[in-house]
Each structure stands twice: as structure tokens, then as C-alpha cells.
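Following: one structure in C-alpha cells, then a few remarks.
Read-outs throughout are calculated quantities, based only on the coordinates presented, and are distinct from any laboratory measurement. All values derive from a computational prediction rather than experimental measurement. When we count neighbours, we look across all protein chains shown, and the Cβ atoms used for this are built from the backbone with ideal geometry, even at glycine.
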Amino acid sequence: MYKVFEELSLMGIVPVIALDRPEDAEPLAKALLDGGIRCAEVTFRTAAAEESIRIISEKFPEMIVGAGTVLTTEQVDRAVAAGAKFIIAPGLNPKTVSYCVGKNIPVMPGTANPSDVEAALELGLDAVKFFPAEAAGGLPMIKAMSAPYVNMRFMPTGGIGPDNFLDYLRFKKIVACGGSWMVRKDLVTSGNFAEITRLSKDAVQKMLGFELRHIGINCENEAEANAAADKLRDVFGFEKKPGSSSVFAGTAVEAMNAPGRGTHGHIAIATNFVERAVYYLERQGVEFDKSTERRKASGELEFVYLKDEIGGFAYHLVQK
């Protein structure tokens, strides 16, 4: 998969933007960045698309901006010249796709059935847009299609919104979800960029889904850990569950058999996607101790500690 699509996969959400006025491009891009989203697909459905891509690329080089609804090789050239880092099409035009592949331009054509997917495979692609997602069968259709095409991944767009995008992202064959709910046209037209920032923040927080999993208590030895777990069981009714290096009291408290990370202990934060959480938090300046990473057999990151303590506690992320 093209490197830029690998990064979009870490982002998880790709706003799909149709701009009628180039002057809206800069404040809109800033609103997305302020909301934690640093990518956008600007559709070539409007005359303002090319200039909007140029403005975003020049003003915000940290933002990954691509061109959507690209139908011809001429539009490909215009989009790339303006600064587009990737090309998205609603359908699969072999001529346009071959042109992009030949010039090593990341391209993701639209597909809606197995024949489209096979055509994409023939052209050397391993990631495609699934469009119009909900109208074409939604997540069940993607799951059914992905079974025989084990190396193909999909970016659903069309009918994706705050109520269903997380369901799509939980399926491992999804690159990211394209959607416009956080960049609605009425918000852009009215200049309500603060609301776009709010909706973007909400989308990111819903995707990551941070929640407290448990608190770890540093005990001096195994006997002290067992005594703590016994007390919590007696007082709160938490079930005692001995482990190899600690004793759990229910699911809320972990008593360590020996002093562990953190001055006072550690706090586990569960998230829907550890890999994506690390990506977003690192861009906020959060550092991680990569030596603590734990991965599944598939290579998926499922556990890692933050480098610094907060309030005397070490923190680690854990996969829900």
C-alpha cells in the first residue's frame, strides 16, 4: 500500500470536502487541524478545488491533502501540480488509474463489486475506495467481498457518519473512513469553523474511545499485594484474581507483587485502536516508551507505556 495511505490508515478519518470558494480553504484546513484531523480529500466537483488544494498545501504543509472525484488524467496533473498527495476517484477508470500508477501517484479508485476489485488488483493496487458505501451494501458487503481478496483493503465513503464510522473502522480490512459530517457545506458557507473544529474533535475522541481500564497499586511484595486484594474483596466485593506478577481485585484494581512503574503505581487507559491513539497523541507532543510495546501475532500494537508520569502515575494504553 502506498505510504500516504498507510498514514491515512493511522488517521482513520478522511474529511471529504467540496469547496465553492477558495477563500474558505485556509480557515477550513485550520479548523480541521485544530480538531486533530490533519488530512482532507478536496473533491474536483467544483471550480474552486484546484486552488483550494494549492492553498491548503502551501499554508499547511503538515496536512495531507488529496484530490477526490478525479475523472481524467488532465485532472490528475492539475491536482498534483496544486499539491495533492493522493488521488481518489468515484469509479475505476483503467486509463486514469494506469496513468497514476505509471507516475507513482498514490491512487484509490472507487469500487462497488468483486469485478471492480479484480480490475484494481490487475492494475497493481491493494487499496480501493468503496463507494457509495451504504447504498452498495455497507460493511456486510465489504466483509463478503474481502474474503476472497485477502490482501485488498477498502476506504468506504458515502453514507458514513458519526453513528456508523466506528463499526467500519473496527474491521481490519478498512484503511480509513471518508465522510463529510464534520465539514458540512452549511457550516463552511456560514463560516462556522468553530463547529467544524468541535465536530472534528468529537470524531477523533469517538474513534479513539479512551476510558479508564484499571489502576495499578505498587506493593512491596506478593504478600502485600494479596493483602490489598483481600481487603478490596472484603470491602467492595471485588473478585480476587491472582496473576503471574500481580493480583487483580475485580477489573478496577491491580495490586503489583513488586514495585512497578510509576511513583504511586500505574493507570491503564483502554482505547479502540492503540496504534491510532499513539499516532494522534505523538502529534500532541506525548512521548512513548517504545521498549514497552506489546504486539499481537498479527503485528497489531496492543499495549505501550507513556514515557512520562502524570501526577505520580505511569500510564499505559491497552487495546479494548
Of the residues in the stretch 137-191, those that are of a type in the set (Gly, Ala, Ser) and either in contact (Cβ under 8 Å) with a residue 40 or more places away in the chain or crowded, with 21+ Cβ neighbours inside 10 Å (or both) come to Ala176, Gly178, Gly179, Ser180, Gly191
Over the stretch 244-277, the set of residues closer than 30 Å to Arg38 by Cα and either touching a Phe, Trp or Tyr at 6+ places or on another chain (Cβ under 6 Å) or part of a loop (DSSP other than H, G, I, E, B) (or both) is Ile267, Ile269, Thr271, Asn272, Phe273
The residue from Glu118, Glu195 that alone is of a type outside the set (A, V, I, L, M, F, W, C) and farther than 28 Å from Pro22 by Cα is Glu118
Could you tell me whether Asp308 is under 32 Å from the mean Cα position of the chain (by Cα) and charged (D, E, K, R)? yes
Specify the residue that is nearest to the chain's Cα centre (by Cα); the eligible residues are those in the stretch 203-226 that are closer than 19 Å to Gly262 by Cβ and polar (S, T, N, Q). Asn218
Filter result (over 16 Å from Gly179 (Cβ atoms) and under 20 Å from the mean Cα position of the chain (by Cα)) within the stretch 1-37: Met1, Tyr2, Lys3, Val4, Phe5, Glu6, Glu7, Leu10, Ala29, Lys30, Leu33, Asp34
Could you please let me know if Ala203 is more than 18 Å from Ile17 (Cβ to Cβ) and touching a strand residue (DSSP E or B) at 6+ places or on another chain (Cβ under 7 Å)? no
Just checking: which of the strands (runs of 3 or more DSSP E) contained wholly in the stretch 147-221 hold 2 or more residues that are touching a His at 6+ places or on another chain (Cβ under 8 Å)? 211-218
